[in-house]
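Below you'll find the structure, written out as structure tokens, and then a few comments.
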Amino acid sequence: MSSGNDTTKLAATAFFAATAGAALSYLLLKNRSKSDPVHTHTPNQLIARTSFIFPDADNVSKAAASMSHSDTQILYPHSHEERMRRRIAARMAVEDENSLPRQSVTVRVPASSANCGPGYDCIGMAVDLWTEVTVSRADKFEITAEGEGADDMPKDESNLLVTGVKAAYDTAQKEMPPLKYHVVSRVPYARGLGSSSAAIVAGIIAGLVLAGHRLPVWGSESLLQIAASIEGHPDNVAPVIYGGIQI
């Protein structure tokens, strides 16, 4: 008998609590509808929105001060579309900067090994030995070198580094100015580790940067085509450009 009375009391308490909650919600909604005006929009009317992202506290205050509309969409850092838009904008800014002629450029290129297995003249891989080349505008032509094979490298315009720079300026359809070359070689010279391909690729890249010229990449691979035309085969120049093992 006592158990039945407890169950009845519990059910009554739950009923009154639910009734009180429903009544309170109704009163709140009724008061809100009285205080807020009704917003109506014609079919041809667009809602003005301001979108911004909050990377730090200073920008939060600036964005809040610049808001002129009551209907505002906040884009937080996890907003993928906004992040992608900013990445594309940053990439375009870098590309615009790279299109400006430079006074000096330093390029690092790796050694390479080709004819891997059955892949004669078609399979090559990059090797973790690097040559560093600095090319600068100058009053007269000059080549200096240090490191592996420095004494054996040609110091005149027959050097493949110069050939690569000339090819870049020819592609850009610009006159090649007098340049100074300095090579820090860590790739053994004429020892089967692609020293010629490293020099060609370094020269082309340096020439493109100095000339402020960009090559098309997707679908044409222009840098690879220019380098392979100078070297005569792509098996060494491809890994120098792209790294890894290339077919």
Karplus-derived HN-Hα couplings along region 108-118 (A = 6.51, B = -1.76, C = 1.60, θ = phi - 60°), whole Hz, x at Gly and Pro: 10, 10, x, 6, 8, 10, 10, 6, 6, x, x
With no solvent and one equal point scatterer placed on each C-alpha of region 113-196, evaluate the Debye formula and give log10 I(q)/I(0) for q = 0.14, 0.16, 0.26 Å⁻¹, two decimals. -0.58, -0.72, -1.24
How big is the equivalent ellipsoid of region 199-247 along its three axes, where each semi-axis is √(5λ) from the Cα gyration tensor, reported in whole Å from largest to smallest? 18, 12, 10
Amide H within-cut-off set for S112, under 5 Å, with H built and near neighbours excluded: V127, G194
For region 161-208, projected area of the alpha-carbon convex hull averaged over all directions, nm²: 3.3
Taking the Cβ of H182 as the centre, find all other residues whose Cβ is under 11 Å away and add up their charges (Lys, Arg: +1; Asp, Glu: -1). -2
Separation between Cα centres of region 184-247 and region 144-164, rounded to whole Å: 16
List, in order, the whole-Hz ³J(HN,Hα) value for each residue of region 164-181 obtained from phi through the Karplus relation with A = 6.51, B = -1.76, C = 1.60 and θ = phi - 60°; use x for Gly and Pro. x, 5, 4, 4, 5, 5, 5, 5, 6, 6, 10, 6, 7, x, x, 10, 10, 10
Placing each pseudo-label 7 Å from Cα in the direction of the beta carbon, A14 and R86 end up separated by a distance in nanometres of 5.1
In nm, give the distance between the simple-model label positions of S158 and S220, each being 7 Å from the Cα along the Cα-to-Cβ direction. 3.4
Within the set of other residues whose C-beta is less than 14 Å from the C-beta of Q173, count the net charge using Lys and Arg as +1 and Asp and Glu as -1. +1
Counting only protein heavy atoms and leaving out ligands, DNA and RNA, the solvent-accessible surface of R85 at a 1.4 Å probe, in Å² to the nearest 10, equals 130
With every protein chain kept in the model, how would you rank I143, I230 by accessible area, 1.4 Å probe, largest at the top? I230, I143
Given the peptides 110-122, 178-190, arrange them by the average over their residues of other C-beta atoms within 10 Å, most packed first. 178-190, 110-122
The set of residues whose placed amide H lies less than 5 Å from the amide H of E148, leaving out same-chain residues fewer than 5 positions away, is S185, R186, V187
Long-range amide H contacts for G124: which residues qualify at under 5 Å (H placed 1.01 Å from N, peptide plane, sequence gap of 5 or more or a different chain)? Q246
Please work out how much length the chain gains when fully extended from R108 to M176, using 0.36 nm per residue of separation minus the C-alpha to C-alpha distance, in nm with one decimal. 22.3 nm
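The values are calculated or read from the model by the stated rules, or taken from the named source; none is laboratory data. Remember, it's a predicted structure, so these values are computed and weren't measured experimentally. With ideal geometry, Cβ positions are generated from the backbone for all residues, glycine too; neighbour counts draw on all protein chains shown. Surface areas here come from the heavy atoms of the whole protein model, side chains and all, with no ligands, DNA or RNA. Shrake-Rupley method; radii C 1.70, N 1.55, O 1.52, S 1.80 Å.
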